[in-house]
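Where a number appears in this text, it was derived from the coordinates with a stated rule and is not lab data. It should be emphasised that the depicted structure is a prediction, and the values quoted were computed from it without experimental measurement. When we count neighbours, we look across all protein chains shown, and the Cβ atoms used for this are built from the backbone with ideal geometry, even at glycine.
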Amino acid sequence: MLRNFLDVLSIVILMMTNAKIRPLKVLIVAIVALFVGVHMGVEMYIHRDIVKPIENSQPKVWYFAYGTNMSTRYLSNVRHVGVYLSLPAYVLNYSVTLSERGLPGIEPAFALLTNELQSKAYGVLHQITVQDLKRVIHSEGTAYIIADVEVHDNNGNTYRAKTLVGTSQLQPPYQASKRYINILLEGATEHGLPLPYIHMLRETDMIYIPVLSEIVGTLIYLTVIVTSQ
């Protein structure tokens, strides 16, 4: 994605070399250069090495993640949440749909836990501190509310966990950004969720608009990073 982004920016800059108004050209090049610097800085920040938290006496809770928070990298490096233990898991009589309302046209939908009998909602069970759970809730904003669910792991164990449920559901068909789906795939693959579920994510209809997707994606990352402090 970054390669495509830089290719498009190179074309834009080459086109501007023929611009007749030099001050405007200089201004545009400066803005582009500034954004490229910010974009690359954010990418380096979120892809830095993950630091595992040191075991401590803080009260901990099980948190069931089914969206971008499945990814340990995203949860640790973007939301600043320490992950002590992670397990592939599922919730019965629910499914995960891309139906939480987002930004139309560019980041149109996010994952949502939806009631569905005889179904399984796959995700990742993270052990985090109570304080970090509050951090997750705060950084998610008003789009989600906290709920208690019964979660099962692959060994037949059952856990009481906290999760987030959406408040604004879209109607099908659902689409999500390429950026968002790639993070879901990262988390699902990292924790060994069922292959049919991973395949379903790969086949999801994704939205990607060169340059604009990078701009919006970078702004989303910055917003989450700041609100998670």
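From the list Ser213, Ser177, the lone residue that is of a type in the set (Gly, Ala, Ser), over 19 Å from Leu113 (Cα atoms) and buried (at least 19 other Cβ atoms within 10 Å of the Cβ) is Ser213. The criterion of at least 2 residues that are within 18 Å of the chain's Cα centre (by Cα) and among the polar types (S, T, N, Q) is met, among strands (runs of 3 or more DSSP E) falling completely within region 25-136, by 85-103. All of Tyr74, Tyr84, Tyr94 fail the test of being surrounded by fewer than 19 Cβ atoms within 10 Å (Cβ to Cβ) and touching an Asp or Glu at 6+ places or on another chain (Cβ under 8 Å), apart from Tyr84.
The criterion of at least 3 residues that are within 20 Å of Ser99 (Cα to Cα) and more than 14 Å from the chain's Cα centre (by Cα) is met by the following helices (runs of 4 or more DSSP H) wholly inside region 146-229: 195-202.
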